[in-house]
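Here's the structure we're looking at; comments come further down.
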Amino acid sequence: MHRPTYAEPILSWYAEHARDLPWRRPDASPWAVLVSEIMLQQTPVSRVLPAYEAWLTRWPTPAALAAEPPGEAVRAWGRLGYPRRALNLHASARAIVERHDGQVPSAYDDLRALPGVGAYTAAAVASFAYRQRHAVLDTNVRRVLARVITGVEYPPKTQTAAEVRLAESLLPEEAETAATWGVAVMELGALVCTARTPRCADCPVIASCAWRLAGKPAYDGPARKGQTYAGTDRQCRGRLLAVLRHASGPVERAALDDAWDDVRQRERALSSLIEDGLIDPLDDGRFALPR
């Protein structure tokens, strides 16, 4: 069966509707692209933008970040959430300085070997920063391909080999076009083919969308549970870390005790932060950001 052509209409749509995001501009450095990709993991663009701008103003190169203690990366991470990403980015900066003379590597395998850089991030940096031909599969891309090609409302919870093969089969042959295609499909998922209220009338491939042609069948897979935050260990960890981020130096145990009332949950969260390397317990009983 002949597959419809998706690249031309989606690329044309992107040329007209793409958001002006700093990490997509031609002058964005590979380091800027890497920083954006780490920050954008599970975090919306609106929250990332101010943190991204501040981060690159302070640390415009990997060497600039690598020269600072990891605690400063955690402090600057602010309220982006999942703060281990800050430690990973700091560790990546040091690895880039030590292994690659301070330049973000262009090879996928070298990127993949950086701390905290998974398959998606390595492909995204190689594609967006170095204009290479890679299948870039984030949540938005997976949802677009699930609907347009396979005719289901949502992709599987965990990425499958079949999804990767499908994404690779759709890549335009020319590397520059393939790099633009990856971000164009991502943008389509972010702005039009959204998770809850897709704007199908604005979709450039509505005529060939398998999900629409099938009558938009409702998702019938495992229950999709929304994330909660209030009252969770994640919120408790955030409160404890905020005490240290806003302090000029180490803090007493009492300052952490005041941040969360539930003693058991507070101790559990504190232990996990120490285990993750986000808080250093000092010999004098105080606590500090990692040094």
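The values are calculated or read from the model by the stated rules, or taken from the named source; none is laboratory data. On a predicted model such as this, the values are computed, not experimentally measured, just so you know. In this analysis, Cβ positions are derived from the backbone assuming ideal geometry, glycine residues included, and neighbour counts consider all displayed protein chains. To get the accessible areas, we keep the full protein, side chains included, count just its heavy atoms, and leave off ligands, DNA and RNA. Shrake-Rupley method; radii C 1.70, N 1.55, O 1.52, S 1.80 Å.
Under a plain spin-label model, where a point goes 7 Å from the Cα along Cα-to-Cβ, how far apart in nm are Q159 and D109?
Spacing of the two 7 Å Cα→Cβ label points: 1.9 nm.
Report, in degrees rounded to the nearest 10, the 0 to 90 angle that the Cα long axis of helix 233-245 makes with the longest principal axis of the chain.
Result, in degrees: 60.
Working out 0.36 nm times the residue gap between R286 and A175, then minus their Cα-Cα distance, what length gain in nm do you get to one decimal? Please list the in-between numbers first.
Numbers: separation 111, 0.36 × 111 = 39.96 nm, distance 5.30 nm.
Contour length minus the Cα-Cα distance gives 34.7 nm.
Let me know the charge dipole size of the chain about its Cα centre in debye, to the nearest 20, where only the beta-carbon of Lys, Arg (+1) and Asp, Glu (-1) is charged. Don't jump to the answer; show the numbers that get you there.
Numbers: 36 positive and 34 negative charges, 166 e Å.
I would put it at about 800 debye.
Angle between the Cα long axis of helix 30-39 and the longest principal axis of the chain, 0 to 90 degrees, nearest 10?
80 degrees
Taking a ≥ b ≥ c as the square roots of the Cα gyration tensor eigenvalues, with a/c under 1.5 meaning rounded and otherwise prolate when a/b beats b/c, else oblate, which class fits segment 65-110?
On the way: a/c = 3.31, a/b = 1.74, b/c = 1.90.
Oblate, since a/c reaches 1.5 and b/c is not below a/b.
For segment 162-276, what is the accessible area per residue in Å², given a 1.4 Å probe and the full set of protein chains? List each step's numbers first, then the result.
Details: 6550 Å² over 115 residues.
Accessible surface, normalised per residue, equals 57 Å².
Which value in deg cm²/dmol, rounded to the nearest 500, describes the helix-derived mean residue ellipticity at 222 nm for the chain, given -39,500 (n - 2.57) per DSSP H run of n ≥ 4 and division by the residue count? Spell out each step's value before the answer.
On the way: 15 runs with 149 residues, N = 291.
Roughly -15000 deg cm²/dmol at 222 nm, from the helical runs in the chain.
Would you mind working out the magnitude of the charge dipole of segment 44-95 relative to its Cα centre, with +1 at each Lys and Arg C-beta and -1 at each Asp and Glu C-beta, to the nearest 20 Debye? Can you show the working numbers first?
On the way: 7 positive and 3 negative charges, 38 e Å.
Using Cβ point charges on Lys, Arg, Asp and Glu, segment 44-95 gives about 180 debye.
Taking every pair of alpha-carbon atoms in segment 149-291, give the share separated by more than 28 Å as a whole percent.
Values: 5063 of 10153 pairs.
For segment 149-291, the share of Cα pairs beyond 28 Å comes to 50 percent.
If you take the alpha carbon radius of gyration of segment 200-267 and divide it by 2.2 N^0.38 Å, what ratio comes out, to two decimals? The partial results should precede the final answer.
Numbers: Rg = 23.0 Å, N = 68, 2.2 N^0.38 = 10.9 Å.
Compared with the compact-globule rule of thumb, segment 200-267 sits at 2.11.
I'd like the projected area of the chain, averaged over all directions, using the convex hull of its alpha carbons. Report it in nm² with one decimal.
17.1 nm²
Which whole-number percent is the relative contact order of segment 108-171 (Cα, under 8 Å, 6+ apart)?
On the way: 47 pairs, mean separation 15.8, N = 64.
Across segment 108-171, relative contact order equals 25 percent.
Please calculate how many Å² of accessible area segment 1-157 carries per residue, with a 1.4 Å probe and no DNA, RNA or ligand atoms counted. Spell out each step's value before the answer.
Details: 7290 Å² over 157 residues.
Value returned for segment 1-157: 46 Å² of accessible area per residue.
At most 15 other C-beta atoms within 10 Å and a DSSP loop state: those are the exposed GluC sites (Glu not before Pro) I care about. Give me the longest piece of the chain that has none. Mind showing how you got there, number by number?
Values: sites that count: E173, E174, E252.
The answer is 1-172.
From the Cα trace of segment 1-136, what convex hull volume per residue do you get, rounded to a whole Å³? Please list the in-between numbers first.
Values: hull volume 16.7 nm³, N = 136.
Cα-based convex hull of segment 1-136, divided per residue, equals 123 Å³.
Pull out the extension gain between L191 and S46, defined as 0.36 nm times the separation in residues minus the alpha carbon to alpha carbon distance; nm, one decimal. Show your work: numbers first, answer last.
On the way: separation 145, 0.36 × 145 = 52.20 nm, distance 1.34 nm.
Net length gain for the segment: 50.9 nm.
Against the longest principal axis of the chain, how steep is helix 119-128, in degrees 0 to 90 to the nearest 10, with axes from Cα atoms?
Result, in degrees: 70.
Once each part is reduced to its C-alpha centroid, what is the distance from segment 104-131 to segment 243-291 in angstrom?
For segment 104-131 versus segment 243-291, the Cα centre distance is 33 Å.
Considering the chain as a Gaussian network with a 10 Å cut-off on Cα pairs, which listed residue, A54, A107, A214, attains the greatest mean-square fluctuation?
A214
Can you give the Rg/Rh ratio of segment 60-196, where Rg is from the C-alpha atoms and Rh is the Kirkwood radius? Show your work: numbers first, answer last.
Details: Rg = 16.7 Å, Rh = 16.3 Å.
Using only Cα positions, Rg/Rh for segment 60-196 is 1.02.
Measuring from label point to label point, each 7 Å out along Cα→Cβ, what is the A201 to T232 span in nm?
A separation of 3.5 nm, rounded to one decimal place.
Per 0.36 nm of contour for each residue apart, how much would the distance between R131 and R25 grow if the chain were fully extended, relative to their Cα-Cα spacing?
Full extension of this stretch gives 36.9 nm more.
In segment 84-204, if the dipole is taken from +1 on Lys/Arg beta carbons and -1 on Asp/Glu beta carbons about the Cα centre, which of S127, N140, A179 is farthest to the positive end?
Ranked along the dipole, the leading option is N140.
List, largest first, the extents of the alpha carbons of segment 162-207 along their principal axes, each in whole Å.
Principal-axis extents of segment 162-207 (Cα, largest first): 31, 23, 20 Å.
Calculate what fraction, in whole %, of the accessible area of the chain sits on carbon and sulfur atoms when a 1.4 Å probe is rolled over the protein chains.
On the way: 7680 of 14910 Å².
About 51 percent, which is the carbon plus sulfur part of the accessible surface.
Which one of T61, T121, T228 has the biggest mean-square fluctuation once the chain is modelled by GNM with Cα springs under 10 Å?
With Cα springs under 10 Å in the chain, the top fluctuation among T61, T121, T228 is at T228.
Based only on Cα atoms, what mean projected area does the convex hull of segment 134-190 have, in nm²? The partial results should precede the final answer.
Values: hull surface 14.0 nm².
Over every viewing direction, the Cα hull of segment 134-190 projects on average to 3.5 nm².
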